[in-house]
Amino acid sequence: MKKLEGLVTGLSRILNNIAGFCMVLVMALVVANILLRALFKHPILGAYEYVVYTTAVMIGLTLAYCAVQNGHIAVDFIVERLPLKAQAVIDTLINATALLFWAACAWQTCNYAQRMTANGVVSPTTQIPVAPFIYLVAFGLLALSLVLLVKTSESLRKVFSLSSISMPAPDVGAVKSIQKAANQ
């Protein structure tokens with residue numbers, strides 16, 4: 001399992017680097033378009049389309065690395081108060097649900113790209129095929145699903161490795177001294 005985890009982490013880093021290149025490309029394209037429009041009165045034809053498609057690819061490719069870094073929003077102020085085993089069970093349920101959802105999204109996005117290819121859909125201004133960009137987003141969602149698969153297996157391992165660990169009882173003397181200090 002460690003080998004799969006390393007592979008998935010490496011893939012997500014590569015995809016994140018590609019997404020970083022996409023961001024630089026978008027910035028350069030926007031700046032070049034502004035300069036060409038202002039200086040030569042001749043903007044880049046289809047700059048808007050290039051920015052939109054490249055941004056979609058950038059977002060799709062960064063999702064996996066964000067998940068590896070636990071960068072997604074998590075509201076856990078209630079869960080963190082539960083025993084470790086309950087936390088592990090909840091993590092497993094959340095990760096498994098997210099895995100199913102994002103794997104279905106990747107599958108449906110790939111199906112959508114296939115339909116776009118079959119219908120020959122191209123962008124309105126530059127006439128470039130739309131499907132390759134959609135396939136890249138689907139690949140990013142697949143990578144996110146792989147990260148969630150690893151996280152689900154880690155959570156399952158925690159569930160089965162933790163025994164019924166009970167929270168230790170608080171030291172009564174310490175509680176009383178804290179209450180006494182608070183009342184003064």
### Query
Restricting the search to the range 114-164, which residues are of a type in the set (V, I, T), crowded, with 16+ Cβ neighbours inside 10 Å and at pLDDT below 95?
V159
### Query
Just for the range 29-56: of the residues that are part of a helix (DSSP H, G or I) and small (G, A, S), which one is nearest to F139 (Cα to Cα)?
A56
### Query
Name the pairs whose Cβ atoms lie under 6 Å apart, with the first residue in the range 20-39 and surrounded by 13 or more Cβ atoms within 10 Å (Cβ to Cβ), the second among the aromatic types (F, W, Y) and in a helix (DSSP H, G or I), and 6 or more positions between them or separate chains?
L29/Y50
### Top-ranked residue in the range 105-134 [being of a type in the set (V, I, T) and part of a helix (DSSP H, G or I); ranked as nearest to Y53 (Cα to Cα)]
I134
### Message
Only one of V68, V52 is out of contact with any Leu (no Cβ under 6 Å at 6 or more places or on another chain), free of Cβ contacts under 8 Å to residues at least 40 places away in the same chain and of a type outside the set (D, E). Can you tell me which?
### Response
V52
### Task
From (1) surrounded by 13 or more Cβ atoms within 10 Å (Cβ to Cβ); (2) among the hydroxyl-bearing types (S, T, Y); (3) closer than 30 Å to G46 by Cβ, pick out the condition that doesn't hold for T92.
(3)
### Task
Among the candidates H72, H42, single out the residue that is within 19 Å of C105 (Cα to Cα) and loosely packed, with under 15 Cβ neighbours inside 10 Å.
H72
### Message
Return the pair list, or none, for Cβ contacts closer than 8 Å from residues in the range 129-140 that are within 14 Å of T117 (Cα to Cα) and free of Cβ contacts under 8 Å to residues at least 24 places away in the same chain to residues that are surrounded by fewer than 19 Cβ atoms within 10 Å (Cβ to Cβ) and of a type in the set (A, V, I, L, M, F, W, C), at least 6 apart or on different chains.
### Response
P129/M116; P129/V121; P129/V122; A131/M116; A131/V121
### Summary
By residue number, the members of the range 90-126 that are more than 25 Å from the chain's Cα centre (by Cα) and aliphatic (A, V, I, L, M) are A118, V121, V122
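The values are calculated or read from the model by the stated rules, or taken from the named source; none is laboratory data. Model, not experiment: these values are computed from the prediction. Virtual Cβ from ideal backbone geometry, glycine too; neighbours counted across all protein chains shown.
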